[in-house]
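The values are calculated or read from the model by the stated rules, or taken from the named source; none is laboratory data. This is a predicted model, so every value here is computed, not measured. Positions of Cβ are generated from backbone atoms using ideal geometry, with glycine treated the same way; all protein chains shown enter the neighbour counts. These accessible areas exclude ligands, DNA and RNA; they are computed on the full protein's heavy atoms, side chains included. Shrake-Rupley method; radii C 1.70, N 1.55, O 1.52, S 1.80 Å.
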Amino acid sequence: MKKFFLMMVASLFVTGAFAQDWSVGGRIGSGFQAVGQYGYNQNSYIEGRFGAGWLDGGVTADFTALHNWKICTMDWTPSAGDWFFDAGVGLNVGGAANYAYLGVAGMARLGFTFNNAPVSLSIDYTPVIGPAIV
């Protein structure tokens, strides 16, 4: 299973280097996650996150798959870039040696895309509702 997750993360990074519709990045919160996004039309994209988190005093592996929609773009700072708001739903799984969890995830993201650089910064909230097995 670990090999599958590593292969999936590696494929996101490799594909991101060669495809126009892909983007890659990182996410910092209660751990670190590698993020890959594939935009398949102008208003929707699929996002995959894989990384490590700290839950219940231990390190856990964490994987999230989301389908996101671009809700709106705001032109508050036209000389610097555009602000955006995205929302999505998906699935979150993870665990450690004697602990596993699975749940439905929701996502809300507010961010900023710079005009002269291929960089976006954002803050998101991704609550997960589901069972934990100890």
* Give just the number: which of (1) over 26 Å from residue 117 (Cβ atoms); (2) in contact with a helix residue (DSSP H, G or I) (Cβ under 9 Å, 6 or more places away or on another chain) does residue 53 not satisfy? => (2)
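Looking at 111, 94, 106, 88, which is the one that is farther than 19 Å from residue 69 by Cα and small (Gly, Ala, Ser)? I'd like the intermediate steps shown before the answer.
Working: 111 fails: farther than 19 Å from residue 69 by Cα; 106 fails: farther than 19 Å from residue 69 by Cα; 88 fails: farther than 19 Å from residue 69 by Cα.
When all the criteria are applied, what remains is 94.
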* **Residue pairs meeting the criteria (Cβ under 8 Å; at least 6 apart or on separate chains; first within 20 Å of residue 54 (Cα to Cα), in the range 100-124; second open to solvent by 80 Å² or more (accessible area, probe 1.4 Å) and among the aromatic types (Phe, Trp, Tyr))** => 107/125
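Please enumerate the residues belonging to the range 83-97 that are surrounded by 11 or more Cβ atoms within 10 Å (Cβ to Cβ) and either in contact with a Lys or Arg (Cβ under 6 Å, 6 or more places away or on another chain) or not β-branched (Val, Ile, Thr) (or both).
Of the residues in the range 83-97, the ones surrounded by 11 or more Cβ atoms within 10 Å (Cβ to Cβ) are 83-96.
83, 84, 85, 86, 87, 88, 90, 91, 92, 94, 95, 96, listed by residue number.
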* **Exclusive hit being open to solvent by less than 90 Å² (accessible area, probe 1.4 Å) and either at pLDDT 95 or above or part of a loop (DSSP other than H, G, I, E, B) (or both), set 100, 108** => 108
* To do: Considering every residue within the range 55-62, establish whether at least one is within 16 Å of residue 122 (Cβ to Cβ) and touching a residue at least 12 places away in the same chain (Cβ under 8 Å).
  => no
* **Failed condition for residue 131, given (1) in contact (Cβ under 8 Å) with a residue 24 or more places away in the chain; (2) open to solvent by less than 50 Å² (accessible area, probe 1.4 Å)** => (2)
